[in-house]
Every structure is written in C-alpha cells, then in structure tokens.
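Laboratory data are not the source of any read-out in this text; all were calculated from the coordinates shown. Predicted model, so just to flag it, every value in this text is computed and none were measured. Please note: Cβ atoms are built from the backbone with ideal geometry, for glycine as well, and neighbour counts cover all protein chains shown.
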C-alpha cells in the first residue's frame, strides 16, 4: 500500500499536467490566429452562437447564446478618447446578479473616430494607451490598415487590448473571460469605412 501511493500521486500529477498543457495550447492557438500575417481567418466552430452586426461602424462578432449585450448608460465622466460606439458582452448569469454593475464585461468593443495623418501607434500614444512597460505586438485583421496588441502584464485582468485601424475608425477590443478568445477570432470588419 505504501509503495502504491507515490505511483498514484505521479499518475494524478501527470494527468493535471496534460490537461493544463492542452488548455494552454488551445488558448495560445486562438490568440496566435490574430497574429496571422495573411489570408482569411479560419471558420470558428461556434454552434448555437449568435452574430452581432453593426453596419454603421462596419464590424461583426459572434457571441455565445449564454451572453447578452449590455445596455449602454451614460457615464458621469467621459472617456478619452471618446468612443462613437461601444458594445459590451456579458454572461446572463452575471447580469442577473446583485453585483452585475461591478463585473467587467466578457468582451468590450469600442469604436473611435480617427483623424488621418497619424499612425495607429501615434494615435494610441497620444491618448496614453501605450503605457510604459506594456508589451506591444503587431497583429493583422483583414480590412484593417494596422493592428496592435497591447499587453499590460503588471495589471490584473483585463490586461490585453487589441486595436485595429481603418482610414476612419479605430476599433478597440478588450477581452476578458473564457470565451473571449473565440469571440476575438470571430471579430470581422464587414466593410472598410
């Protein structure tokens, strides 16, 4: 009996390592899809997901049926830069809870008007969205002229931000939660404003 305990422990430990490796590889694979240099995005299997389309600002994104789009409220303090559109997705069970207003959305999409003449990095830097110590990586999205992923490792989640620029708009995406990687890979520009 004493000799069996270490073997059982090793089997359990090894199974945890395997499960963690599979989960990490899945998340890493989904995150790297946005870094793809060329070509169309792969079709994401999102059975029973819904599509949110915004033809005014030219984007679409899929989201799980267990999520809802939060109603927008006017904030007492304006944000800089001022968003012309904001869409926030949250789980239904969180929305019905008593602390719903304190929980960060699972995905936030903000659209900002962009003046021409400045690069995306210059635009982000002018609003303080490239803080010192942030990891900045170029990413691509069909239809976008430029894309940047900003990671703030010293900050608690949400600590990754994706920005895509067209001639007219900057799209800011803030993922948070387990389904946000799939939602990010489903994000599309449906027209080039």
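When the chain is fully extended, how far beyond the present Cα-Cα distance does residue 191 get from residue 92, taking 0.36 nm per residue of separation? Present the calculation step by step, with values, prior to reporting the outcome.
Numbers: separation 99, 0.36 × 99 = 35.64 nm, distance 3.00 nm.
Full extension of this stretch gives 32.6 nm more.
Quick check: residue separation of residue 119 and residue 66 times 0.36 nm, minus the Cα distance between them. What number comes out in nm?
Numbers: separation 53, 0.36 × 53 = 19.08 nm, distance 3.75 nm.
That pair, residue 119 and residue 66, stretches by 15.3 nm at full extension.
By the gyration tensor of its Cα atoms, with a ≥ b ≥ c the square roots of the eigenvalues, what is the shape of segment 136-188: rounded for a/c under 1.5, prolate for a/b over b/c, or oblate?
Values: a/c = 2.34, a/b = 1.44, b/c = 1.62.
Oblate shape, in that a/c is at least 1.5 and b/c is the bigger or equal ratio.
Evaluate 2.2 N^0.38 Å with N set to the residue count of segment 36-189, then give the Cα radius of gyration divided by it.
Values: Rg = 15.4 Å, N = 154, 2.2 N^0.38 = 14.9 Å.
Taking the Cα Rg and dividing by 2.2 N^0.38 Å, one obtains 1.03.
Under a crude label model (7 Å from the Cα following the beta-carbon direction), how far is residue 80 from residue 140 in nanometres?
Spacing of the two 7 Å Cα→Cβ label points: 3.5 nm.
Counting only C-alpha contacts under 8 Å and six or more residues apart, can you give the relative contact order of segment 36-189 as a whole percent?
It rounds to 24 percent for segment 36-189.
Starting from the Cα-Cα distance between residue 99 and residue 52, subtract it from 0.36 nm times their residue separation and give me the gain in nm to one decimal.
Values: separation 47, 0.36 × 47 = 16.92 nm, distance 2.54 nm.
Contour length minus the Cα-Cα distance gives 14.4 nm.
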